[in-house]
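What follows draws every value from the coordinates through simple rules; no lab data is involved. Every value quoted in this text rests on a predicted model; they were computed, and no experiment measured them. Methodologically, a virtual Cβ is constructed for each residue, glycine included, from the backbone with ideal geometry; neighbour enumeration extends over all protein chains shown.
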Amino acid sequence: MCTIGRGAIRPQFLEVKNGIDQMLEQPDLTDGERQTLEGDRDAVTALAERLANIPTPGRSHA
């Protein structure tokens, strides 16, 4: 099993958020699709912010 540090995951969250932003630019989205994508974007952003504030093993806040 491969483990990935939180620092390596943050760029992946940004990629996901950017992908959601691109999908939101599509003019043919239904209101439901738009609401779902906006909720997903908010959830990804909140998770990335929470992980940014949690120290990883070996990383200290001095």
Just to verify a number: FRET efficiency for LEU47 and ASP21, C-beta to C-beta distance, R0 = 25 Å, to 0.05? 0.95
Quick check: net charge around ILE20, other residues with Cβ under 15 Å of its Cβ, Lys/Arg +1 and Asp/Glu -1? -4
Taking 35-47, 15-27 and ranking on average Cβ neighbours within 10 Å, highest first, one gets 35-47, 15-27
